[in-house]
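Report on one structure; see the data block that follows.
The values are calculated or read from the model by the stated rules, or taken from the named source; none is laboratory data. What you see is a predicted model; the values in this text were computed from it and never measured. Backbone-built Cβ (ideal geometry, glycine too); neighbour counts: all protein chains shown.
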Amino acid sequence: MITTKILNPALLHLISRIRHTNTLVICDYAFPFWPEIETVDLTLVKDIPTIPQVLEAIVPNFVVGPVFMAEEFKSHNDDLKLAEFNRALNNADITFEPHVEFKKRVPKSIGLIRTADTTPYGNLIIESA
């Protein structure tokens, strides 16, 4: 029986395959489906779970390097929301870029975790250090 914090076997399998410089997308409920990369869908109902909640489970088992987010996040969310994401990422370095550029990174990722988050432009890509 699994006794780690993360109990979802598909999520554990995905995380276990990420190596140095590989990336992982963690996105909201409305993020488009990308058939070329594995998706682990954790959605239940809106905002259960959120991106920060998923990060809180993943980050202790992940060597977080650079993080990429859409620059639109800053204009659609307040400082408290940014602080919540920063806390969940252990204050990792975040590069904000246009959403169009952000989406170009997605197909190069090892996988995608879909959450039920409703935060505008809250999607992120974390790179393993």
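Of the residues that make up the range 76-92, is at least one over 20 Å from residue 32 (Cα atoms), modelled with pLDDT under 95 and of a type in the set (Phe, Trp, Tyr)?
For the range 76-92, residues over 20 Å from residue 32 (Cα atoms), modelled with pLDDT under 95 and of a type in the set (Phe, Trp, Tyr): absent.
Give me a count of the residues in the range 12-52 that are out of contact with any strand residue (DSSP E or B) (no Cβ under 7 Å at 6 or more places or on another chain) and charged (D, E, K, R).
5
Out of the range 4-19, which residues are surrounded by 14 or more Cβ atoms within 10 Å (Cβ to Cβ) and not aliphatic (A, V, I, L, M)?
Of all residues in the range 4-19, those surrounded by 14 or more Cβ atoms within 10 Å (Cβ to Cβ) come to 6, 8, 10-12, 14-15, 18.
The one that is surrounded by 14 or more Cβ atoms within 10 Å (Cβ to Cβ) and not aliphatic (A, V, I, L, M): 8.
Hey, which of the helices (runs of 4 or more DSSP H) in the range 5-81, taking only ones fully inside, have at least 2 residues that are over 13 Å from residue 110 (Cβ atoms) and under 13 Å from the mean Cα position of the chain (by Cα)? Before you say what the answer is, go through the steps one by one.
Details: elements: 9-16, 51-58, 72-76.
Fully inside the range 5-81 and qualifying: 51-58.
Within the range 105-123, identify whether any single residue is out of contact with any strand residue (DSSP E or B) (no Cβ under 6 Å at 6 or more places or on another chain), of a type in the set (Gly, Ala, Ser), in contact (Cβ under 8 Å) with a residue 24 or more places away in the chain and part of a loop (DSSP other than H, G, I, E, B), and answer yes or no.
Checking the range 105-123: at least one residue is out of contact with any strand residue (DSSP E or B) (no Cβ under 6 Å at 6 or more places or on another chain), of a type in the set (Gly, Ala, Ser), in contact (Cβ under 8 Å) with a residue 24 or more places away in the chain and part of a loop (DSSP other than H, G, I, E, B).
Could you list, in sequence order, all residues of the range 79-129 that are surrounded by fewer than 17 Cβ atoms within 10 Å (Cβ to Cβ), closer than 15 Å to residue 22 by Cβ and not hydrophobic (A, V, I, L, M, F, W, C)?
Answer for the range 79-129, where residues must be surrounded by fewer than 17 Cβ atoms within 10 Å (Cβ to Cβ), closer than 15 Å to residue 22 by Cβ and not hydrophobic (A, V, I, L, M, F, W, C): 105, 107, 108.
Counting only residues that are within 21 Å of residue 85 (Cβ to Cβ) and out of contact with any Leu (no Cβ under 8 Å at 6 or more places or on another chain), which one in the range 33-44 is surrounded by the fewest Cβ atoms within 10 Å (Cβ to Cβ)?
My answer is 44.
Look through the range 53-104, keep the residues that are in contact with a strand residue (DSSP E or B) (Cβ under 8 Å, 6 or more places away or on another chain) and of a type in the set (Val, Ile, Thr), and return whichever of them is nearest to residue 123 (Cα to Cα). Spell out the reasoning first.
First pass over the range 53-104, keeping only residues in contact with a strand residue (DSSP E or B) (Cβ under 8 Å, 6 or more places away or on another chain): 54-55, 58, 62-71, 73-74, 85-86, 89-90, 92-99, 102.
Narrowing further to those that are of a type in the set (Val, Ile, Thr): 54, 58, 63-64, 67, 94-95.
Working: 54: 12, 58: 15, 63: 19, 64: 16, 67: 10, 94: 12, 95: 12 Å.
The selected residue is 67.
Could you run through the range 91-111 and say how many residues are more than 15 Å from residue 27 (Cβ to Cβ) and in contact with a Leu (Cβ under 9 Å, 6 or more places away or on another chain)?
Count: 1.
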